[in-house]
Amino acid sequence: MSRLKGKAILITGAGSGIGQCTAQLFASEGAEVIVNDIDAAKGEETVASIVEAGGKAAFIYADVTNPESVQQLTAKAIEQFGRIDVLFNNAGISGVGAIHEIEPDAWDRVMNVNIRGVYLPCKYIVPHMMERNSGNIINMSSCIAEMGLARRASYSATKGAILALTKSMQVDYAPYNIRVNALLPGTIMTPFVENYLRSSYADPEEAFASIKQRQLTGELGRPDDVARAALFLASDESKFMMGSPLYIDGGVVFG
Ligand code: NAD
């Protein structure tokens with residue numbers, strides 16, 4: 001399989017969940033994968049799984065909210081791989097609460113990781129893509145950008161912002177042959193969702209059943225459902241897609 005042969009792809013937050021699964025799929029399709037995470041042990045695990053399967057990958061630590069850290073990530077990735085063809089801004093954290101329940105520090109944390117954590121990798125990697133007159137950026141939004149869900153005020157604000165940012169960036173960078181698209185997953189079973197359910201509901205099983213009920217499929221998504229959509233956006237098969245939202249949500253937005 002070689003749908004990504006010749007491409008060096010940086011994935012933020014690739015030590016777990018959707019990012020890890022995408023890193024593994026991209027490597028199996030011939031990409032050289034730069035695995036970033038704030039958790040070095042988890043990032044190294046992703047790399048080990050790729051190398052064991054015969055793929056190419058390296059871990060580079062960075063906190064996507066920290067400018068120096070992201071500058072170092074960019075420099076090291078270009079030094080080790082020669083270029084960054086695709087940037088997948090995947091790292092993100094959850095936020096729970098209606099707006100009156102959210103403390104300012106908790107609000108800022110979600111804004112920092114989910115918005116600043118997309119802004120900074122773009123800020124330092126886009127000039128490299130502009131210089132090469134070629135690039136592809138995938139931003140992780142969520143179906144929550146398009147629908148109201150209870151007690152998700154901070155998180156939904158960030159994912160709506162990412163969708164708007166994607167469109168704005170696409171207009172700015174289309175002249176440099178850089179594509180910018182967004183993924184909008186529904187509920188995907190990852191540690192992120194398991195932690196959210198456990199920390200937010202007295203009865204996580206009941207919450208889980210009610211989330212499942214909202215899906216037109218009656219089932220929740222799996223990381224590889226999103227990874228396969230990311231594969232399409234990362235490959236040249238999607239070359240006519242610019243500034244687009246791609247839903248992978250079991251129809252929940254329309255349910
Ligand atoms: P996850 O918690 O399994 O993985 C997220 C990874 O990001 C972790 O490895 C974490 O260490 C890393 N990370 C967190 N802060 C970081 C930082 N400052 N710098 C670098 N890395 C950092 O989560 P997931 O479910 O795989 O979610 C991945 C993305 O998909 C997130 O942006 C999330 O908002 C989005 N998303 C998830 C779902 C879902 O249902 N799981 C739905 C829609 C969108």
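Taking Cα pairs under 8 Å and at least six residues apart, what relative contact order does the chain come out at, in percent?
Numbers: 517 pairs, mean separation 48.4, N = 255.
Normalised by residue count, the contact order of the chain is 19 percent.
In the chain, the longest principal axis of the Cα atoms and the axis of helix 17-28 are about 30 degrees apart. Largest GNM mean-square fluctuation across R152, R222, R198, computed for the chain with C-alpha springs under 10 Å, falls on R198.
Given the rule -39500 (n - 2.57) for each run of at least 4 DSSP H residues, summed and divided by the residues of the chain, what is its mean residue ellipticity at 222 nm, to the nearest 500 deg cm²/dmol?
Working: 9 runs with 118 residues, N = 255.
It lands at -14500 deg cm²/dmol.
GNM remark for the chain: springs join alpha carbons under 10 Å apart, and the peak mean-square fluctuation among P104, P191, P223 falls on P104. Centroid-to-centroid, using Cα positions, segment 199-241 and segment 122-173 are 18 Å apart. Among A23, A164, A14, the largest mean-square fluctuation in a Gaussian network model of the chain, built with springs joining Cα atoms closer than 10 Å, belongs to A164.
Read the figures in this text as sums done on the coordinates, not as results from a lab. A quick note: this is a predicted structure, and the numbers were derived from the prediction, not measured.
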